[in-house]
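What follows is calculated from the coordinates using simple rules that are stated; it is not laboratory data. These numbers were taken from a predicted model, which means no experiment stands behind them. Cβ atoms come from the backbone with ideal geometry, glycine included; neighbour counts cover every protein chain shown.
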Amino acid sequence: NDANDRMKELPYALYDSQEVMVTDIVTTGKGSIKKGLAVLGGIQINTGPDTDDYFHPLRFDYYDENGEKVADMLSQLKK
């Protein structure tokens, strides 16, 4: 069903636009990073009343004190 596919794609499209904003915030504010910055991003999945909601992580990055991404730690969450 095309409508169901669009509803599945919508959170990812919203995540992509928010990803741009978060990257801009990190770039703009990098002068205020003291020792490093971890950024975790993803999609909250809301389920039915009898099922627990869950978080689907899509990003887990570590930035150094200069605002440079030094590690992609997403694979560490999936172990």
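Using θ = phi - 60° and the Karplus curve 6.51 cos²θ - 1.76 cosθ + 1.60, what whole-Hz ³J(HN,Hα) does each residue of region 42-53 get, with Gly and Pro shown as x?
x, 10, 7, 9, 8, 10, x, x, 9, 10, 5, 6
Which of Y62, Y54, Y12 ends up with the largest GNM mean-square fluctuation for the chain, with Cα atoms connected below 10 Å?
Comparing Y62, Y54, Y12 in the GNM, the peak value goes to Y54.
Please list the non-local residues whose amide H lies under 5 Å from the amide H of I43, H modeled 1.01 Å from N, same-chain partners needing a gap of 5 or more.
H56, L58
Could you tell me the number of lysine pairs in region 23-79 with C-alpha atoms less than 23 Å from each other, where the two lysines are 8 or more residues apart or belong to different chains?
Counting lysine pairs in region 23-79 gives 5.
Report the GluC sites (Glu not before Pro) located in the chain that are in a DSSP loop and have at most 11 other Cβ atoms inside 10 Å of their Cβ, or state none. Spell out each step's value before the answer.
Details: sites: E9, E19, E65, E68; in loops: E65, E68.
Within the chain, the qualifying GluC sites (Glu not before Pro) (loop, at most 11 other Cβ atoms within 10 Å) are E68.
With a point put 7 Å past each Cα toward its Cβ, work out how far I25 is from N4 in nm, to one decimal.
For the pair I25/N4, the computed spacing is 3.4 nm.
Local charge sum around K30 (other residues, Cβ-Cβ under 9 Å, Lys/Arg +1, Asp/Glu -1)? Kindly include the intermediate steps, with their values, before the conclusion.
Values: positive: none; negative: E65, E68.
Neighbour charge sum, excluding K30 itself: -2.
Express the C-alpha Rg of the chain as a ratio against the empirical globular expectation 2.2 N^0.38 Å, rounded to two decimals.
That ratio works out to 1.34.
Please report the relative contact order for the chain, taking Cα pairs under 8 Å with a sequence separation of at least 6, and give it as a percent rounded to a whole number.
Details: 91 pairs, mean separation 19.4, N = 79.
Rounded, it is 24 percent for the chain.
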